[in-house]
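Enquirer: Okay, here's the structure, questions in a sec.
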Amino acid sequence: MRFFQPLGFLALAGIPIIILMYLLKQKYKEQEVSSLFLWKKAESFSMAQQPFQKLKKNLLMLLQIATVFLLAFGLANPYIMGGSESSHTVFGIDCSLSMQAKDGAEGKSRLEEAKNQIKYQIEQAAPNAIFSIVLLQDTPIIISNNSTDKRTLLKEIEKIKATNGGVNWENSKELLQLAGAENGQISIFTDQYQPIFENIEQNIIGKNSQNTAITLLSHSQGENGWQALVKVSHFGETEVSKTVNLFCDGKAFDRKEITIEGGKNKDVIFTGIPQETNALTATLTPEDILTADDRAYDGSFSQTKKKVLLISNQNIFLEKVYRLLPEVELYKTDTEHIEQLKGYSLYIFDGIIPETLPEDGFYIFWNLPNTNKILPLGAQKQITEQVTTQGYGNLTFAETLTFDLEKANSFVVPTWAAPILEAGGETIAIAGEQNGKKMAIFAFDIHDSDFALQKEFPIFIYNLQNWFFEQSGQKSLESIESGQALEISLLPETKEAFVLFPSGNKVKIAPPFPPTLFTNTEQTGIYTLIQKNETEETTNTFAVNAKTTGESDLQQQQIETTQQTVQPKKVIKIGKSIQNFVILFLLLLLLLEWKVNCNEH
């Protein structure tokens with residue numbers, strides 16, 4: 001016999017207390033009496049009241065000791081090993097976008113079908129069956145682990161909802177194995193066969209269904225205002241007709257009728273969109289069995305130009321390329337007026353650095369002087385190999401960029417930065433963020449190279465500007481999908497920053513600076529980034545769309561069940577608790593003790 005709660009035996013400390021109570025007797029008190037006639041009887045009674053007499057047999061005491069022992073025994077929750085057997089089932093539920101498709105009986109979604117099957121298995125299982133539930137999504141989570149409470153399990157399943165994103169299958173597999181440990185039988189409910197689970201039971205939900213989706217919505221500058229591109233994809237075999245509707249800032253703008261062949265895409269272009277537009281919404285009508293991908297959003301419109309100050313002795317290359325950038329308002333000054341600079345979003349220092357850097361704005365340093373407090377520079381080296389570009393984070397500055405360079409300073413890449421240009425294994429330019437300030441450093445003079453003569457040079461500067469100001473409208477944000485994390489870059493003068501959700505809720509993201517990775521992108525729609533400084537408020541919009549890649553295609557990929565090698569269900573021997581029997585016997589003993597106590601008194 002074993003015990004679930006062995007600390008319950010601490011209650012045995014009550015036994016010596018009971019014995020002590022029977023050993024101790026009350027001390028006498030002086031009392032005046034009218035006669036000594038009954039003295040002998042009083043004397044014998046007084047002797048019986050003396051403390052620490054020899055312990056005599058007492059049925060009531062024995063019953064009370066037995067009661068305390070049974071109480072401690074019951075609190076320890078005794079059980080018998082192998083008294084019963086139970087199975088542990090780990091349910092993995094696909095909660096991706098495609099599980100919203102309503103192609104089940106009576107118009108039920110695939111997720112509802114999966115939930116009903118799981119609830120049925122739980123209801124029909126043995127009372128001591130163990131269950132764990134894992135939600136398979138971009139960030140898989142365990143919502144119930146090793147539970148035998150059927151009522152709670154059914155309530156948790158009822159709350160499950162499909163997301164607008166996909167599933168990270170690698171992470172999901174690890175979490176399922178963690179939930180199942182050694183004895184769990186894993187059972188997956190999904191609408192697409194997953195080879196990664198080839199030896200695990202997969203329950204394929206749904207059927208082959210046609211679906212039409214908006215797989216892209218983007219905008220660009222046209223001759224007469226903005227123009228929008230809507231890409232419509234049809235996943236099916238038969239031809240369908242749809243209406244593409246475009247809304248500008250929530251108001252209907254235009255609509256176009258289209259016909260798409262099975263398995264084909266069609267691009268629909270809208271022109272003449274008002275220049276003051278902040279956000280676009282495109283919809284498909286009539287809707288089909290999967291409505292979440294019949295709607296797409298686009299934001300990140302240009303709203304404010306960034307003031308850029310170039311401090312240089314006539315660098316025509318930098319001046320021309322920055323004048324080409326649509327969201328840059330370029331200012332110039334010579335190297336004699338570099339102290340007490342203020343009021344710009346980006347400062348470009350060419351061959352010089354002030355004693356005190358501006359408190360506002362980000363920095364670019366070209367041909368950084370040796371005497372600086374930012375980056376210790378070594379000796380100048382001759383560069384014999386071509387320079388190539390490197391990426392920074394997810395940003396690629398120019399994939400095919402190469403140019404010749406005569407010389408550059410050597411330096412050690414600091415921990416806060418990453419290389420963006422290299423030559424022969426030597427880093428000659430870096431970018432990074434230090435104490436909330438973004439900066440890029442080029443350890444060479446642009447005039448010592450043919451960098452500015454390369455056709456990739458404007459692209460490099462364009463992408464570098466996008467890295468500094470990711471929400472400026474330069475970076476294409478139509479690729480942001482539901483559940484995807486987003487690194488938000490704030491303007492250097494920002495004191496407070498908020499994100500307004502499509503639902504109307506607002507959350508503060510800064511301070512502290514820089515803001516952490518923004519991961520709350522489950523909702524689809526238009527988000528608004530609000531930045532406040534000491535004098536004004538700046539707003540920018542960006543869109544989060546449903547994940548259509550791999551989710552909008554509802555054609556089943558099933559395999560023959562004979563090909564699946566599913567592991568047999570494992571049975572776990574568990575301890576059978578006898579606590580209830582102990583409690584019942586304890587109640588009977590208390591009843592007997594009460595009866596004996598009544599008879600003696």
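Enquirer: Over the Cα atoms, compute the radius of gyration (one decimal) and Dmax (the largest Cα-Cα distance, rounded to a whole number) for the stretch 62-180, in Å.
Expert: According to the Cα coordinates of the stretch 62-180, Rg and Dmax are 19.9, 71 Å.
Enquirer: Under a point-charge model restricted to the Cβ atoms of Lys and Arg (+1) and Asp and Glu (-1), what is the dipole moment magnitude of the stretch 275-370 relative to its Cα centre, in debye to the nearest 20?
Expert: Roughly 340 debye, rounded to the nearest 20.
Enquirer: Compute the helix-to-body angle for 59-75: its Cα long axis versus the longest principal axis of the chain, expressed 0 to 90° and rounded to tens.
Expert: Taking Cα atoms only, the helix is inclined about 20 degrees.
Enquirer: Please work out the Kirkwood hydrodynamic radius for the stretch 291-339, using every pair of different C-alpha atoms, and report it in angstroms with one decimal place.
Expert: 13.6 Å
Enquirer: About its Cα centre, how strong a charge dipole does the chain have in debye, to the nearest 20, once Lys and Arg get +1 and Asp and Glu get -1 at the Cβ?
Expert: Here the size comes out at about 4240 debye.
Enquirer: Can you tell me the orientation of helix 169-180 relative to the chain, as the angle in degrees between its alpha-carbon axis and the longest Cα principal axis, to the nearest 10?
Expert: Once rounded, one gets 10 degrees.
Enquirer: From the helices alone, meaning DSSP H stretches of at least four residues, give me the mean residue ellipticity at 222 nm for the chain, per-run term -39500 (n - 2.57), in deg cm²/dmol to the nearest 500.
Expert: Numbers: 9 runs with 117 residues, N = 601.
Value at 222 nm, helices only: -6000 deg cm²/dmol.
Enquirer: Further, regarding this structure: Cα convex hull of the stretch 338-449: how many Å³ per residue?
Expert: 107 Å³
Enquirer: Okay, moving on. Considering every Cα-Cα pair within the stretch 135-268, what fraction, in whole percent, is farther apart than 18 Å?
Expert: 70 percent
Enquirer: I'd like the projected area of the stretch 252-409, averaged over all directions, using the convex hull of its alpha carbons. Report it in nm² with one decimal.
Expert: Directional mean of the projected Cα hull area for the stretch 252-409 stands at 15.5 nm².
Enquirer: Using Cα atoms only, what is the angle between the long axis of helix 457-468 and the major principal axis of the chain, expressed in degrees (0 to 90) to the nearest 10?
Expert: So the inclination is approximately 30 degrees.
Enquirer: As a test, work out the antiparallel percent of DSSP beta bridges whose residues both lie in the chain, rounded to the nearest 5.
Expert: 70 percent
Enquirer: Compute the signed sum of charges (Lys and Arg +1, Asp and Glu -1) over the other residues within less than 13 Å, Cβ to Cβ, of residue 192.
Expert: Charge balance in the 13 Å sphere: -2.
Enquirer: Going out from 0 in 5 Å bins, what whole percent of all Cα-Cα distances in the stretch 396-507 drops into each bin?
Expert: 2, 9, 16, 20, 18, 13, 10, 6, 4, 2, 1, 0
Enquirer: Now for a separate question. Normalised radius of gyration for the chain, please: alpha carbon Rg relative to 2.2 N^0.38 Å, two decimal places. All intermediate terms of the calculation are to be shown ahead of the outcome.
Expert: Details: Rg = 38.2 Å, N = 601, 2.2 N^0.38 = 25.0 Å.
Relative to the rule-of-thumb radius for its length, the chain sits at 1.53.
Enquirer: Mean 1/r over all different Cα pairs, inverted: what Kirkwood radius does the stretch 254-311 give, in Å?
Expert: It works out to 15.0 Å.
Enquirer: Please compute the alpha carbon radius of gyration of the stretch 210-258, then divide it by the globular-protein estimate 2.2 N^0.38 Å. Two decimals is fine.
Expert: Here the answer is 1.32, to two decimals.
Enquirer: I've got another one for you. Based on Cβ point charges of +1 for Lys and Arg and -1 for Asp and Glu, what charge dipole magnitude is obtained for the stretch 87-232 about its Cα centre, in debye rounded to the nearest 20? The partial results should precede the final answer.
Expert: Numbers: 13 positive and 17 negative charges, 79 e Å.
Dipole magnitude for the stretch 87-232 comes out near 380 debye.
Enquirer: When a/c is below 1.5 the answer is rounded, else prolate if a/b is larger than b/c, else oblate, so apply that to the stretch 110-152 with a ≥ b ≥ c taken from the square roots of the Cα gyration tensor eigenvalues. Intermediate values should be presented prior to the final figure.
Expert: Numbers: a/c = 3.10, a/b = 1.33, b/c = 2.33.
Verdict is oblate for the stretch 110-152.
Enquirer: Right, here's the next one. If amide hydrogens are placed 1.01 Å from N in the peptide plane, which non-local residues have theirs closer than 5 Å to the one on residue 332?
Expert: 310
Enquirer: Pairs to check: 251/307; 342/438; 242/264; 437/532; 115/150. Give those whose C-alpha atoms are more than 22 Å from each other in this structure.
Expert: 251/307
Enquirer: Let me ask something else about it. If I take R0 = 60 Å and measure r between the Cβ atoms of residue 336 and residue 484 in this structure, what FRET efficiency does the formula 1/(1 + (r/R0)^6) give, to the nearest 0.05?
Expert: Values: r = 48 Å, r/R0 = 0.79.
With R0 = 60 Å, the Cβ-Cβ based efficiency is 0.80.
Enquirer: List every residue whose amide H lies under 5 Å from the amide H of residue 383, counting only residues 5 or more places away in sequence or on a different chain, with H placed 1.01 Å from N in the peptide plane.
Expert: The list, which skips near neighbours in sequence, is 407, 408.
Enquirer: Same structure again: What residue among 265, 388, 142 has its Cα farthest toward the positive end of the dipole of the chain, where the charges are +1 on Lys, Arg and -1 on Asp, Glu, each on the Cβ?
Expert: Of the candidates, 142 comes out farthest on the positive side.
Enquirer: Turning to a different aspect of this structure: Along the charge dipole of the chain, pointing to its positive end and built from +1/-1 on Cβ of Lys, Arg, Asp and Glu, which listed residue (132, 162, 189) has its Cα farthest out?
Expert: 132
Where a number appears in this text, it was derived from the coordinates with a stated rule and is not lab data. As the structure is a computational prediction, the values presented were derived from the model and not from experiment. Backbone-built Cβ (ideal geometry, glycine too); neighbour counts: all protein chains shown.
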